[in-house]
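Reviewing the structure listed below.
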Amino acid sequence: MDTALIILLLSESIGYVLWIIFTNNKQPLKRDITSGVMFLFALIILYKVFKLNLDFGLVLLIATILAALSWLVGKIINIEELRKESRSYFLILLVITSIRAFAYEPYQIPSRSMVPGLQVGDFVLVNKYSYGLKFPGTNYLIGGFSSPERNDVAVFIPPHTLCNSSPVKARPDLASLTTPESQRFLNKFINLQESRCSKTGTKFVKRVVGVPGDTVEIKGYEIWINGLKLVHQVITDNEAETLIQETLDDEIHTIRLLGLLEYAQHKWVIPDGHYLAIGDNRDNSLDSRAWGYFSEDYLIGKAEFIWLHWGSFSELPTLSRNKRIN
């Protein structure tokens, strides 16, 4: 745990006790000053939560429980103001936590790996119940699991972003590879993990192209799934880029090629509980071609809608890109 965050939480707890004391002793000025300082600390704590990449769902759950406890404390020590405010916070947090944990979670697209379908600055709604409900902040299923399908745009935590994840979790079939192939994968995975891993991992959004039992082959930009080549139809071709309509399980989406990718061949036979995911921006996507499979244990949900676009702080948010994600 971050030392500064611990100090802030302790300070907030002390402020809470002081607020109760000043309220009980009818000292409104001291109470109001304490409230102001606590509000400032709360903003700093929120900033630290985002900076440390902590699970915001778990943070919301803890905040909801604390609000409920504070409501109970207000009843026990009979402070009407504490009881009313705590009840209000609890009800608001309960609604937000429930929606975010069991219905839809907002997620901002941070990179160009899914261009042209998803742009940097797109805010998407992620369906949290599409693959089965999980207890907030954990991977524990509280409902039946529903498998992702090919062509789903899924949000998940890839193995290389978790510091405690081994290469074997990313490629359970590692032993079946040739020695040069396995060594190349190990070197790439370890380098990626050392450069970007954390305890909680990082959420990625990619298109699912392979499900358990599939045999997927890639030769350059061409993809075969179970021996059938995906249909490509060029829709735009110029010096800057080539846009292609790709048909996957009778669903059409647009992929982007820049002609920068070195010719490479990959072949996967996807094991149970694992999925193959690739970005639509094929020349600018860190995906399964580099780090292997992602596990069903680390599925977050299915990206379904773009509800807002905010490219940068110098721009105004816009609703012009509102649409269902294909």
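The values are calculated or read from the model by the stated rules, or taken from the named source; none is laboratory data. Everything numeric in this text was worked out from a predicted model, so none of it was measured. Glycine also receives a Cβ, built like all others from the backbone with ideal geometry; neighbour counts cover every protein chain displayed.
Does at least one position in region 231-242 carry a residue that is closer than 23 Å to Lys302 by Cα, of a type outside the set (Asp, Glu), in contact with a Ser or Thr (Cβ under 9 Å, 6 or more places away or on another chain) and crowded, with 16+ Cβ neighbours inside 10 Å?
No, because not a single residue in region 231-242 is closer than 23 Å to Lys302 by Cα, of a type outside the set (Asp, Glu), in contact with a Ser or Thr (Cβ under 9 Å, 6 or more places away or on another chain) and crowded, with 16+ Cβ neighbours inside 10 Å.
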>> Quick check on Leu69: is it part of a helix (DSSP H, G or I), touching a helix residue (DSSP H, G or I) at 6+ places or on another chain (Cβ under 6 Å) and modelled with pLDDT of 90 or more?
In response: no
>> Looking at the structure I just gave you, is Thr178 more than 19 Å from Asp283 (Cβ to Cβ) and either touching a Cys at 6+ places or on another chain (Cβ under 8 Å) or in the same structural domain as Pro110 (by TED's automatic domain parsing) (or both)?
In response: yes
> Hey, among the residues in region 1-29 that are among the charged types (D, E, K, R) and farther than 17 Å from Glu85 by Cβ, which one's surrounded by the fewest Cβ atoms within 10 Å (Cβ to Cβ)?
Replying inline: Lys26
> Do we find a residue being at pLDDT 90 or above, outside any strand (DSSP E or B), in contact with a Ser or Thr (Cβ under 8 Å, 6 or more places away or on another chain) and on the phi > 0 side of the Ramachandran plot anywhere in region 104-121?
Replying inline: yes
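Given the residues Thr178, Thr202, which is the only one that is in contact with a helix residue (DSSP H, G or I) (Cβ under 9 Å, 6 or more places away or on another chain) and either of a type in the set (Phe, Trp, Tyr) or modelled with pLDDT under 95 (or both)?
None of the others qualify; the one that does is Thr202.
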> Can Pro116 be described as touching a strand residue (DSSP E or B) at 6+ places or on another chain (Cβ under 9 Å) and exposed (fewer than 14 other Cβ atoms within 10 Å of the Cβ)?
Replying inline: no
> Got at least one residue in region 154-176 being surrounded by 20 or more Cβ atoms within 10 Å (Cβ to Cβ), hydroxyl-bearing (Ser, Thr, Tyr) and assigned to a helix (DSSP H, G or I)?
Replying inline: yes
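Condition first: assigned to a strand (DSSP E or B) and more than 19 Å from Ala264 (Cα to Cα). Now tell me which residues in region 193-230 satisfy that.
Of everything in region 193-230, those that are assigned to a strand (DSSP E or B) and more than 19 Å from Ala264 (Cα to Cα) turn out to be Ser198, Phe204, Val205, Lys206, Arg207, Val208.
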> Can you name the residue in region 223-256 that is at pLDDT 95 or above and of a type in the set (D, E, K, R) and is also nearest to Asn281 (Cα to Cα) among such residues?
Replying inline: Arg256
>> All but one of (1) of a type in the set (Asp, Glu); (2) touching a residue at least 40 places away in the same chain (Cβ under 8 Å); (3) loosely packed, with under 14 Cβ neighbours inside 10 Å hold for Glu80; state the number of the condition that does not hold.
In response: (2)
>> of a type in the set (A, V, I, L, M), surrounded by fewer than 18 Cβ atoms within 10 Å (Cβ to Cβ) and in contact (Cβ under 8 Å) with a residue 40 or more places away in the chain: which single residue out of Leu52, Leu60 fits that description?
In response: Leu52
> Taking region 248-289 as the search range and keeping residues that are in a strand (DSSP E or B) and hydroxyl-bearing (Ser, Thr, Tyr), which one is surrounded by the fewest Cβ atoms within 10 Å (Cβ to Cβ)?
Replying inline: Thr254
